[in-house]
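Inspection log for the structure reproduced underneath, given as structure tokens.
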Amino acid sequence: MPLKVIVTDDELHNRETLAGLLADIPDVTVVAVCKDGFETVSAVQKERPDLLFLDISMPRLSGFDVLELLGSAAPPVVFVTAFDEHALKAFETSAIDYVLKPVNPERIKKSIAKFLATGKTGSTDYSGFLENRRSESAPLDRILVKDSGRIHLVPAEEILYIKAEDDYVCIVTRTSQFVKQERISSLENSLDKTKFCRVHRSYIINIRHVARLEPLGRESYEAVLRNGTRVPVSASGFRALPWFNR
């Protein structure tokens, strides 16, 4: 069976060049050519490719955002990027290969051969890789959520609170609620700690939306948000609040 491949790059020349080079390789079929992350998520779900050639630096949704949204549906990946070779060493354990721009035919053939030699097929788990990158990056200014085929970019500043529900989190804004499959501890480590606080094992609050704290009992409190929502605050959560430590 031909190897099904998807190509993603936000620059027309780059994606046409890469798609053309792949099409010239025997037993390789390019099933989709995508100009952004939104198209890529949809194309991967529809085509279920064997391999994805994925640009890293794209507006709105980066290549890493695409992998986060795809989750367990993500295929094996070859990163395509202008990053220097030293910066890409960290990707080697998570991707089949990486290709530096401008791409050339021999380098693309080498990536295909490397993929075939690994014998990898089906889904690849990038969760650990993405979580490590998050911990090394600036705090999240948005959270990505995929819901019934739609992709939402939820600005962090609009979030009132986040509630853990088993293996999912419920992200609540003034106007909407979003459900995302992720551990609350992962989001806690990724959000700006000057703006968000884990006040309970099941809750993270945006401290800018807190109107007041009310005591419930011995070392037990509720945070009352400006919209009237009440969120439980544990003793350790109370001590973690910024104003407690002033």
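The values are calculated or read from the model by the stated rules, or taken from the named source; none is laboratory data. Note that the structure is a prediction, hence the values are computed from the model and not measured. Every residue, glycine as well, gets a Cβ built from its backbone with ideal geometry; the counts of neighbours run over all protein chains shown.
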Query raised in the report: Considering only residues of the range 18-38 that are without any contact (Cβ under 8 Å) to a residue 12 or more places away in the chain and not in a loop (DSSP other than H, G, I, E, B), which is surrounded by the most Cβ atoms within 10 Å (Cβ to Cβ)?
Result: 20
Report summary line: When the range 94-134 is checked residue by residue, the ones that are more than 24 Å from residue 48 (Cβ to Cβ) and modelled with pLDDT under 85 are 131, 132, 133, 134
Report summary line: Residue hits (the range 49-74; touching a residue at least 60 places away in the same chain (Cβ under 8 Å), touching a Pro at 6+ places or on another chain (Cβ under 9 Å) and not hydrophobic (A, V, I, L, M, F, W, C)) are 50
Report task. For the range 207-243, enumerate the residues that are within 23 Å of residue 185 (Cβ to Cβ) and assigned to a loop (DSSP other than H, G, I, E, B). Result -> 219, 229, 234, 241
